[in-house]
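What follows is a single structure, written as structure tokens, with notes after it.
The values are calculated or read from the model by the stated rules, or taken from the named source; none is laboratory data. Values in this document were obtained by computation on a predicted structure and should not be read as measured data. Heads up, the Cβs are rebuilt from the backbone with ideal geometry, glycines too, and the neighbour counts pull from every protein chain shown.
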Amino acid sequence: MFTVEQRATLRAELLSVAASDPRVAATAVTGSAAAEREDRWSDIDLAFGVGQAAEMPEVIRDWTARMYQQHAALHHVDVLAGDWIYRVFLVAGGLQVDLAFVPAAEFRALSPAFRLVTGVANSPSQFPAPSAGEIIGMAWLYAAHARACIARKKFLQAEYMVSGVRDHALALACLRLGLSAAHGRGFDSLPNEVKACFEDALVRSMAEAELLRAFGVVVRGLLGEIQLADRDLAQRLRETLTELTA
């Protein structure tokens with residue numbers, strides 16, 4: 001397993017290389033290190049503003065080769081968000097290294113967790129958070145599929161769908177309370193009274209009765225959150241969602 005010292009050394013090396021790369025016009029530390037809440041399990045998050053947009057493919061290709069040849073990368077995956085390309089590496093020892101590339105014209109803080117290291121950043125912006133309506137729509141979609149999967153005795157898929165209802169209900173609570181609704185980041189910061197509504201929501205076995213029990217818990221929790229977000233919509237959905245759990 002990687003150590004804190006190894007993580008700090010690798011981050012410093014990558015920032016040093018970026019500072020000497022003439023194609024990289026600006027760099028920043030992002031994520032938990034920038035927000036001063038880094039812990040033993042934090043990954044490395046860096047953002048690079050590429051001076052010329054046309055050079056983006058070449059820069060990403062060269063940095064990818066460096067990660068594999070010099071820093072023991074095992075695999076990588078890309079996450080795309082607007083003009084940003086997040087190339088996420090898994091390094092030997094279990095360390096995750098997220099390198100974000102964007103044309104310098106769009107290089108900016110997308111959250112408060114952004115510490116400029118070199119160059120200039122444009123005015124901060126943020127990706128729009130999902131709306132309550134979008135989250136609710138995905139939640140009832142998962143709920144409808146959960147009930148069908150249980151009836152079809154596709155119990156593993158049913159568990160996936162039940163968990164999806166729970167996750168969207170918790171995301172709705174996060175949105176309501178001003179917490180991050182993405183990837184479960186705000187779940188543990190929810191008030192105890194909210195988390196208590198979902199304490200029994202985990203599926204404990206693949207038995208049909210157990211799936212139905214957990215499904216009932218998550219739907220009740222979801223309806224409570226919909227009520228707080230949109231009372232009229234909750235009234236329209238309540239009867240049908242409750243019938244699904246029968």
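Helices (runs of 4 or more DSSP H) wholly in region 152-246 with at least 1 residues that are touching a His at 6+ places or on another chain (Cβ under 6 Å) - which ones?
Filter on region 152-246 gives 155-176.
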If we scan region 73-95, do we find a residue that is more than 23 Å from Ala113 (Cα to Cα) and acidic (Asp, Glu)?
-> no
(1) modelled with pLDDT of 95 or more; (2) closer than 24 Å to Val79 by Cβ all hold for Ser180 apart from (1)
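When you check Val120 against the structure, is it surrounded by 16 or more Cβ atoms within 10 Å (Cβ to Cβ) and of a type in the set (Val, Ile, Thr), yes or no? Lay out the reasoning, then the answer.
Values: surrounded by 16 or more Cβ atoms within 10 Å (Cβ to Cβ): no; of a type in the set (Val, Ile, Thr): yes.
Considered against the rule, which asks whether it is surrounded by 16 or more Cβ atoms within 10 Å (Cβ to Cβ) and of a type in the set (Val, Ile, Thr), Val120 comes out as no.
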Is it the case that Glu193 is acidic (Asp, Glu), in the same structural domain as Gln157 (by TED's automatic domain parsing) and over 27 Å from the mean Cα position of the chain (by Cα)?
-> no
Counting only residues that are surrounded by fewer than 16 Cβ atoms within 10 Å (Cβ to Cβ) and in contact (Cβ under 8 Å) with a residue 60 or more places away in the chain, region 79-91 contains a total of 0
For residues that are more than 13 Å from Val165 (Cα to Cα) and of a type in the set (A, V, I, L, M), scanning just region 224-246, find the one that is surrounded by the fewest Cβ atoms within 10 Å (Cβ to Cβ).
-> Ala246
Identify, by number, the condition in (1) in contact (Cβ under 8 Å) with a residue 12 or more places away in the chain; (2) over 27 Å from Ala182 (Cα atoms) that His76 doesn't meet.
-> (2)
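Would it be correct to say that Gly221 is within 13 Å of Ala169 (Cβ to Cβ) and buried (at least 16 other Cβ atoms within 10 Å of the Cβ)? Give the steps one after another, and end with the answer.
Numbers: within 13 Å of Ala169 (Cβ to Cβ): yes; buried (at least 16 other Cβ atoms within 10 Å of the Cβ): yes.
When the stated conditions are applied, Gly221 passes them.
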